[in-house]
Structures are given as structure tokens and as C-alpha cells.
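Visitor: I have a structure I would like to understand better, so I am pasting it below and will then ask my questions one at a time.
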Amino acid sequence: MSQFRSIFPGGTDTETVCSMADLRMFPGWDDWSAAGIDLRALLSDQTADELAVAFDAAVGWHEGQTRPAGEPYWQHLLQVLHVLASGLDVKDVDLLRAGLLHDVVEDTAGTGADLVARFGVRTAGLVDAVTIPEVRAGESKDEVRTAYLAKLARAPRKVLLLKLSDRYSNVQRLHTHPRVAKQRSYYAETVERFVPLASVDDRLDQLFKRWADAYSYLAGPVDSIETADKLAAALHREQVDKSGQPYVDHVRGAAAIARANGARTDQQMAALLHDTVEDTACTLAQLRDLGVPDPVVEMVDALTRRPGESHDTYLTRLTRTPDAVLVKRADIEHNSSPSRQSQLDPATQDRLRQKYAHAVRVLDEATGNHG
């Protein structure tokens, strides 16, 4: 039995069920100065000023902490605030403030009493409602978490808005987590526990349903064109090409050309994933952990230019993996298409035309294809 699966019976296709462009992103802001400008347009000046005080306090409590992908912890706090203020149109200063302070008790030396003293009972109460309790003697971490999640299902609307905003921030870039096992477990828990809770608000319901579909490749091995497409869309989701178009359009275009040129399923998958290692944080090991079949990983490896490797050395090495050559030709053909070239300035067009023509000559010479 083949280790590859097609999307549709009897064939392979590069159509996708969900476009990552449909996912709304909440990147937060680069700093409080940028946040303050936007927040003053959404909220009163007084509310924005009060949030600035809360943000400064949160930064102090979380000083030195980072997220799994390495970014400063405060970026997550601004993303949660972004979801609440922009995505959900929240005006309640206590709920917004809790978005910035929601992890203080759980992840820092700050206490509930500290929050009450500095920001009042309402803000502290919201933070307490989303804080996972400490594990006591005779309890396991899993038991405490299960009880916490069950309690959330009965929580008031404002608590759910806070927790779901926190969760969306955590999962909107789930593919950047360095451990695939954690990506999978977080996906499964979110689908089981949080997607149903998102029905508390139509906007959250749409956000989480689209997210669940876009990241559904985490529910099983990435061993079909459909799952490879969703993985590629996730990894390239915020990238654009030289003309400013979504980068995922290029890998999809290359896969379509490869298919038209007779590519097998594994070669079409390699076309979809050919730039993931070279142009994103994804590694070959992560591709294997995701269940990408070995032949596909081998082609992606061949298609990936090494740091410091000359273009000709790269192309010659690539030809030692014959199945990858068809994919590379499709990559070059798509990059050379008039529709893509026309978006570039004349100097760049000329430079790339020469580069791609030379690449085709090298491939032809290495493979004995002389037309």
C-alpha cells in the first residue's frame, strides 16, 4: 500500500479546503507607543492611560521571560489585548487590563493580593478566574488541569472572552513552537476544549473554526497533498514574495506546474514544501516528526540551498536526487512566469531571467538533457 494519500480518489490535486488568508491575525504591537496610538482610537484616553500602567507592571513581573519561539513574553500580552480590544470590541477596562495581567499569578512572583492592591478587585478576580491552581499534595498536574478546564466550561462570559483571547494568541502561530509533539497536543486540546467554548461569541466562533481547519494537519501525519498544502500555508502564512504577493502562492504554483508535468504525489508534496526549510524556521527533523514521508523529506533536503553554498554547487548537488529535478524545474518555471516577472522592476527581471536560464542549463548538463 502506498504511503502517500491523495486529496481526491483517483487523482492528486493542489486545491485547498481552507486558505490561511482567511485567518485573522492579532500580532499585537512592537511596543507600547504603537499600541497606545491604536488604542486611543478604539478606547477613551483614560482607559488607554490605565492600560499603559498595567502594561508597565506586567513587563516588570514578566521581566526576562520568553515564549517558546523565543520572543519576549510581553508580546503575547499585547496580542491578547489586541484580540480583546480590536477583535471583540471590549471597552471594559478591567477586562482589558486582565488581558495584560492574566499570567502574573500563574507565571511570576506576583500574587493575587498584589493585583488587588494595584488594580482592584475586579481585575484581580478576572485574572484569578483564568489562573490554573497550584498542584497540591495528592493531586497530579493532569488532574488539576482537567478540573480547571471543566470549570472554564461553566465560567461567565467575560472570563471566557479573556481565556479564549489568551488561547487564540497562543495558537495563532502554533507552527512556530519548536516541538511538534507540543503542537499536536495543543491542537488536540484546543479543538476538544476551547473550540466549543468559542460559541460564546460569534466572532470567536469563526476565528477558532477557521483556525482548527487550517491547522488540521496536526491531527495526523502530513502524508497527503492536502495536509502538505496546509502545512506550507502555515509556515509561509506571513511571508510575501518579491512582488508583495503571498509566498504560499508560489509553492502552490510550483506544485501545479509539477503536476501538469507528470509529477507523482510525493513530488507534488515536495513542491509544496520545497522552501519550508530554506525560508522558514521549520527543520528537516520537524518535517519527519510531522509525518512527512522520507522520500519527500529527501527531496526537500535536496531542494534546500545550504548556507554559503554557491548556486552551481547547489544545483549540481540537487541533481544527485533525480526525483527533485522535476520539482526544481517547476519552481524555476513558476518563478519565470510573465505574470510574476511583470510585478518586478526591469533590473530585477533581467537579473532573474539570467539566473533562471543559467539554472536550467546547469540542470540540463547534469542530467544529460540537451533538448
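Bear in mind that the values in this text are calculations on the coordinates, not laboratory data. Values in this document were obtained by computation on a predicted structure and should not be read as measured data. Don't worry about glycine lacking a Cβ; one is built from the backbone with ideal geometry, like all the others, and counts go over all protein chains shown.
Visitor: Order of 95-104, 159-168 by packing, highest average Cβ count within 10 Å first?
Guide: So the order, starting with the most tightly packed, is 95-104, 159-168.
Visitor: I need the shape label for the chain. Rule: rounded when a/c is under 1.5, else prolate if a/b > b/c, else oblate, with a, b, c from the alpha carbon gyration tensor.
Guide: prolate
Visitor: While we're on this one: Can you give the helix-only mean residue ellipticity at 222 nm for the chain, where every DSSP H stretch with n ≥ 4 adds -39500 (n - 2.57) and the sum goes over all residues, rounded to the nearest 500 deg cm²/dmol?
Guide: -17500 deg cm²/dmol
Visitor: Determine the sum of side-chain charges near Leu160: Lys and Arg each +1, Asp and Glu each -1, restricted to other residues whose C-beta is under 14 angstrom from that of Leu160.
Guide: Local charge sum for Leu160: +3.
Visitor: Which part of region 176-207 falls in the paramagnetic zone of Ser216, meaning amide N under 20 Å from the point 7 Å along Cα-to-beta-carbon?
Guide: Answer for region 176-207: 183-199, 204-207.
Visitor: Exposure proxy check: Arg184, Arg24, Arg320 ranked by fewest other beta carbons within 10 Å?
Guide: If I rank by nearby Cβ atoms, fewest first, I get Arg320, Arg24, Arg184.
Visitor: Once the piece of chain linking Ala69 and Tyr148 is laid out straight, how much longer is it, given 0.36 nm per residue of separation minus the C-alpha distance between them?
Guide: Extra length from Ala69 to Tyr148 when fully extended: 25.9 nm.
Visitor: Once the Cα gyration tensor of region 104-160 is diagonalised, what are the square roots of 5 times its eigenvalues, in whole Å and ordered largest first, as equivalent ellipsoid semi-axes?
Guide: For region 104-160, the semi-axes come out at 21, 16, 7 Å.
Visitor: Given 0.36 nm per residue, what is the gain on full extension from Ala155 to Asp45 after removing their alpha carbon distance, in nm?
Guide: Computed gain between Ala155 and Asp45 is 36.6 nm.
Visitor: Okay, moving on. Let's test the formula: R0 of 30 Å, r as the Cβ-Cβ distance of Arg136 and Ala181. What FRET efficiency results, to the nearest 0.05?
Guide: The calculated FRET efficiency here is 0.65.
Visitor: Once the piece of chain linking Ser33 and Thr367 is laid out straight, how much longer is it, given 0.36 nm per residue of separation minus the C-alpha distance between them?
Guide: Extending this stretch completely gives an extra 114.6 nm.
Visitor: From the square roots a ≥ b ≥ c of the eigenvalues of the alpha-carbon gyration tensor of region 26-171, which class results: rounded (a/c under 1.5), prolate (a/b over b/c), or oblate?
Guide: Prolate is the answer for region 26-171, as a/c is 1.5 or above and a/b outweighs b/c.
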